[in-house]
Amino acid sequence: MPPNSPAAPDPPSPSAERARTPLGSALLRSIPGGYDITGLPLQVPPLPAESAPSWLRRLADRYTLTPQQILRVLGDEGRPTTLAALHAHIERNAAGITQHLRIPEDDLENLCCAPALDTLTAGYLQLYHHRAWQPSPASRYCPECLTQEPTAWAAAWRNPYTVICPTHAAILHDLCPSCGQRPFATMSWLGQVAEPWICPSRRPAPRGRFGRPKRGVRPFCGHDLRTVTRQPATDDRRPDPGPTL
Ligand SMILES: [Zn+2]
Ligand SMILES: [Zn+2]
């Protein structure tokens with residue numbers, strides 16, 4: 001009589017399987033019977049010329065999550081602290097993102113590419129002024145563009161030479177009129193649950209005694225940037241030069 005073969009190990013429980021599954025892997029959730037969830041149900045593809053923060057906010061808004069929570073579902077645990085770090089995060093986790101969202105990898109690459117005007121600006125400043133230049137993460141905006149569906153922020157709005165919206169013949173706004181800050185100047189929007197047209201900044205820190213800013217978590221501004229007064233771009237109205245390069 002042949003010896004008993006060693007007992008096969010018990011299959012791992014779904015919870016144990018999920019606990020071992022790293023965030024951003026191909027498996028979002030294990031379900032017995034071959035019904036594993038490998039993709040997110042709501043697809044939000046990037047739009048042409050859209051910035052990476054804009055796409056991430058639209059995606060997070062569909063799931064009523066913060067952009068940081070979406071990044072954790074789609075990738076690793078890192079929290080980007082700069083725009084360049086966000087681009088690196090997306091590129092690093094591109095395989096998982098494309099699988100979960102079923103969007104072409106080329107679309108993700110375009111999200112993280114510098115707009116043509118940024119490349120030209122950097123080349124011009126290097127050639128004629130011998131200085132390296134990086135675009136600011138802060139973005140101008142066109143209130144009328146923000147009323148469109150789907151609502152997207154153009155990557156070109158970050159360039160200091162982009163001062164007009166050609167679609168609406170309007171001067172782009174530089175600041176939120178409620179909090180007085182430039183949208184996307186910091187990465188605090190990663191912790192915000194908000195529609196894409198809501199100001200992504202936190203309110204400025206209140207001043208305490210001696211004029212020093214008080215410590216503590218500041219609330220988000222929450223201003224609806226679609227309601228900002230339109231500034232028509234006419235021949236007799238030149239836009240402000242904006243911040244220095
Ligand atoms: Zn516009
Ligand atoms: Zn604001």
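The values are calculated or read from the model by the stated rules, or taken from the named source; none is laboratory data. As the structure is a prediction and not an experimental result, all values here were calculated from the model. Cβ sites come from the backbone with ideal geometry, for glycine too, and all protein chains shown count toward neighbours.
Points to keep in mind about this one:
- Any hit, the stretch 171-179, residues being in the same structural domain as residue 146 (by TED's automatic domain parsing) and away from ligand 2 (no atom under 16 Å from the Cβ): yes
- Restricting the stretch 218-243 to residues that are within 16 Å of ligand 2 (Cβ to nearest atom) and either in a loop (DSSP other than H, G, I, E, B) or acidic (Asp, Glu) (or both) leaves a set whose member that is modelled with the lowest pLDDT is 218.
- So residue 182, is it within 16 Å of ligand 2 (Cβ to nearest atom), in a loop (DSSP other than H, G, I, E, B) and either charged (D, E, K, R) or surrounded by fewer than 20 Cβ atoms within 10 Å (Cβ to Cβ) (or both): yes
- The stretch 177-213 - residue that is without any contact (Cβ under 8 Å) to a residue 24 or more places away in the chain and on the phi > 0 side of the Ramachandran plot and, of those, nearest to ligand 1 (Cβ to nearest atom): 211
- Only one of the listed residues (143, 137) is assigned to a loop (DSSP other than H, G, I, E, B), within 16 Å of ligand 2 (Cβ to nearest atom), in contact (Cβ under 8 Å) with a residue 12 or more places away in the chain and surrounded by 20 or more Cβ atoms within 10 Å (Cβ to Cβ). That residue is 143.
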